[in-house]
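Novice: Please read through the structure below; I'll follow up with questions.
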Amino acid sequence: MATIKDIAKLAGVSAATVSRVLNYDSSLSVTDKTKKRIFEAAEELSYQKKSAHKFGGHKIAIVHWYTEQEELNDLYYLSIRLGIEQRCKALDMNAEVYFFDNISEISSKDVDGIIAVGKFSYSQVKELSQINQHVVFVDYSPDQDHYDAVIVDFERATYKVIDYFIETGHQEIGFIGGREIAKGETEVISDMRERTFCSYMQELGLFKSEYVYMDIFSVDNGYKLMKRAIEELGARLPSAFFISSDVMAIGSLRALHEANISVPERVSIIGINDMSISKYVYPSLSSVKVFTEEMGEAAVDTLLERLDGRVIAKKILLATELILRDSVK
């Protein structure tokens, strides 16, 4: 496992700066450029290098539904993007990254295909397909009859977390979740983690609506939601929380620390994504590992199949793995 010193060396900063950035220390004053360099270094050191046949000559556009600034607040998508870039590099393919605010710069004659990362509205899906008919969506499936997609089995991941908590003696289980809205839209995109948590807990007879807190995915909202739960529930605070992203879990840990609530002695925490930084926070974060590197690889390989003549749309569902660390007992 790469150490904080390894990340610091690759990023060209001090180990102390790396530690504070990875823990989202709000009192630290560093530029977004420095943060990005540290996060990308942490991801790069976690990748497994793989041999591959070369496909030099292909040029693709990686279209990110976030702006570059927003990506720093949700490392899940940064990790997927880097997985795509690593695969393209291994295959000797040219990949150009476009964030949400510069999609108009993509030239249809300059790209062989598009990999779209994140959630897109109907009009955006149409716009992308007009630029190039070969579009693969990652973490989203807008139309499985027409577009290739690589998604995660978040339903099964949620079952794993709840089952683990119950098996280890927890009956009062809370949920802190994130919501997403496509740019230019107002309707919240339905989230499989939230839906599955509520339905499965109801099936088990353990669901309590007052234990569910939702907001947009970010470290700050994870902090705010956990702080609200602590204030509203007091002594009734659940003994365990499933938190639907690691960045929100990191914010939640900070709120618990500030309230002098011990983790995992009083509250056990499990996040989801298992980002490379999860092992560096205190206590080290238990998480459901989402194989973002493999998501990126699958997206590139699926696009290559399209370029090779496949016409039937393909939807790839990736499994997850529960990784237990110090935030649970």
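The values are calculated or read from the model by the stated rules, or taken from the named source; none is laboratory data. Just so you know, these numbers come straight off a predicted model, no measurement behind them. Here the Cβ positions follow ideal geometry from the backbone for every residue, glycine too, while neighbour counts run over all protein chains shown. Heavy atoms of the whole protein, side chains included, go into the accessibility calculation; ligands, DNA and RNA do not. Shrake-Rupley method; radii C 1.70, N 1.55, O 1.52, S 1.80 Å.
Novice: Test of understanding: among Asp163, Asp145, which residue is charged (D, E, K, R) and under 23 Å from Val288 (Cα atoms)?
Specialist: The unique qualifying residue is Asp163.
Novice: May I pose another question? Somewhere in the stretch 147-165, is a residue in contact with a Pro (Cβ under 6 Å, 6 or more places away or on another chain), closer than 26 Å to Ser252 by Cβ and either outside any loop (DSSP other than H, G, I, E, B) or of a type in the set (Lys, Arg) (or both)?
Specialist: No: zero hits.
Novice: Scan (1) open to solvent by less than 30 Å² (accessible area, probe 1.4 Å); (2) under 23 Å from Ile166 (Cα atoms); (3) of a type in the set (Gly, Ala, Ser); (4) in contact (Cβ under 8 Å) with a residue 60 or more places away in the chain for the single condition Ser218 breaks and write down its number.
Specialist: Checking Ser218 against (1) open to solvent by less than 30 Å² (accessible area, probe 1.4 Å); (2) under 23 Å from Ile166 (Cα atoms); (3) of a type in the set (Gly, Ala, Ser); (4) in contact (Cβ under 8 Å) with a residue 60 or more places away in the chain, the one that fails is (2).
Novice: Now for a separate question. Determine whether Phe207 is closer than 26 Å to Gly234 by Cα, of a type in the set (A, V, I, L, M, F, W, C), touching a Ser or Thr at 6+ places or on another chain (Cβ under 6 Å) and not in a strand (DSSP E or B).
Specialist: It is false that Phe207 is closer than 26 Å to Gly234 by Cα, of a type in the set (A, V, I, L, M, F, W, C), touching a Ser or Thr at 6+ places or on another chain (Cβ under 6 Å) and not in a strand (DSSP E or B).
Novice: Can you tell me which residue in the stretch 224-244 is surrounded by the fewest Cβ atoms within 10 Å (Cβ to Cβ), limited to those that are small (Gly, Ala, Ser) and touching a residue at least 24 places away in the same chain (Cβ under 8 Å)?
Specialist: It comes out as Ser239.
Novice: Further, regarding this structure: Quick one: which strands (runs of 3 or more DSSP E) sit completely within the stretch 245-329 and have at least 2 residues that are under 20 Å from Met192 (Cβ atoms) and open to solvent by 50 Å² or more (accessible area, probe 1.4 Å)?
Specialist: In the stretch 245-329, 315-318 are the strands (runs of 3 or more DSSP E) which contain 2 or more residues that are under 20 Å from Met192 (Cβ atoms) and open to solvent by 50 Å² or more (accessible area, probe 1.4 Å).
Novice: Sticking with this structure for a sec: Looking at (1) part of a strand (DSSP E or B); (2) more than 30 Å from Val300 (Cβ to Cβ); (3) open to solvent by 40 Å² or more (accessible area, probe 1.4 Å); (4) not hydrophobic (A, V, I, L, M, F, W, C), can you tell me which one Glu187 breaks?
Specialist: (1)
Novice: For a quick check of your reading of the model, give me the residue pairs whose first member lies in the stretch 1-26 and is under 21 Å from Glu258 (Cβ atoms) and open to solvent by 20 Å² or more (accessible area, probe 1.4 Å), whose second is at pLDDT below 85 and assigned to a loop (DSSP other than H, G, I, E, B), with beta-carbon atoms closer than 9 Å and at least 6 apart or on different chains.
Specialist: Ser19/Asp25; Arg20/Ser27; Arg20/Leu28; Arg20/Val30
Novice: Also, I was wondering about something else. Does the stretch 118-156 hold any residues that are open to solvent by less than 20 Å² (accessible area, probe 1.4 Å) and in contact with a Leu (Cβ under 8 Å, 6 or more places away or on another chain), and which are they?
Specialist: If the condition is that a residue be open to solvent by less than 20 Å² (accessible area, probe 1.4 Å) and in contact with a Leu (Cβ under 8 Å, 6 or more places away or on another chain), then Phe120, Val135, Val136, Asp148, Val150, Val152 are the ones that fit.
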